[in-house]
Amino acid sequence: METKHDITICLGSSCFSRGNKTILEIVKNFLKEHDLNGEVFFHGDLCGGHCDEGPVLMIDKQMYKQVSSDNIYDILNEFFEISV
Ligand code: FES
C-alpha cells in the first residue's frame, strides 16, 4: 500500500496571521482541483518555533519557509510534478 504524502501547515498565531490563513485555502483548493485528496493527508499544526522564517509549511519531511500566495503554487506544482 502506498503511503500518503503529508502536508502540514503551521496554524500558530504568527504564521496564521502572516499568510497561512490564505495559504490554507489555496492548498485545500489545489488538492481538490488536482484530485489529490486521496493521496495527501493535509492537516494543521501548532507553532513549531520557526516563526522568524514563517509562514511555514511542511510537505513530507521538507520544510518550506516564507510561504506566500506568490510561491505556494510553484511549491505545490513542483512537488506533485504538475506542469503548468
Ligand atoms: S507560528 Fe508558525 S512557526 Fe511559529
Keeping to the range 58-76, report how many residues are touching a residue at least 40 places away in the same chain (Cβ under 8 Å) and part of a loop (DSSP other than H, G, I, E, B). 4
If we scan the range 28-42, do we find a residue that is surrounded by fewer than 15 Cβ atoms within 10 Å (Cβ to Cβ) and assigned to a strand (DSSP E or B)? yes
Which residue, of GLY54, GLY48, is small (Gly, Ala, Ser), touching a residue at least 12 places away in the same chain (Cβ under 8 Å) and crowded, with 18+ Cβ neighbours inside 10 Å? GLY54
Filter the range 24-51 down to the residues that are more than 10 Å from the chain's Cα centre (by Cα) and within 16 Å of the ligand (Cβ to nearest atom), then identify the one that is farthest from SER14 (Cα to Cα). ASP45
Being of a type in the set (Val, Ile, Thr) and buried (at least 19 other Cβ atoms within 10 Å of the Cβ) is the filter; apply it to the range 1-23 and report the residue that is farthest from the ligand (Cβ to nearest atom). ILE7
Which one is farthest from the chain's Cα centre (by Cα), of the residues in the range 59-84 that are surrounded by fewer than 16 Cβ atoms within 10 Å (Cβ to Cβ) and among the hydrophobic types (A, V, I, L, M, F, W, C)? VAL84
Log entry, pairs with first residue in the range 1-21 being free of Cβ contacts under 8 Å to residues at least 60 places away in the same chain and closer than 14 Å to HIS50 by Cβ, second being part of a strand (DSSP E or B) and among the aliphatic types (A, V, I, L, M), beta carbons closer than 6 Å, six or more apart or on different chains, reads THR8/MET58; ILE9/LEU57; ASN20/ILE9
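Bear in mind these aren't lab numbers, they're just calculated from the coordinates by the rules spelled out. These numbers were taken from a predicted model, which means no experiment stands behind them. Reconstructed Cβ throughout: ideal geometry from the backbone, glycine too, with neighbour counts over all protein chains shown.
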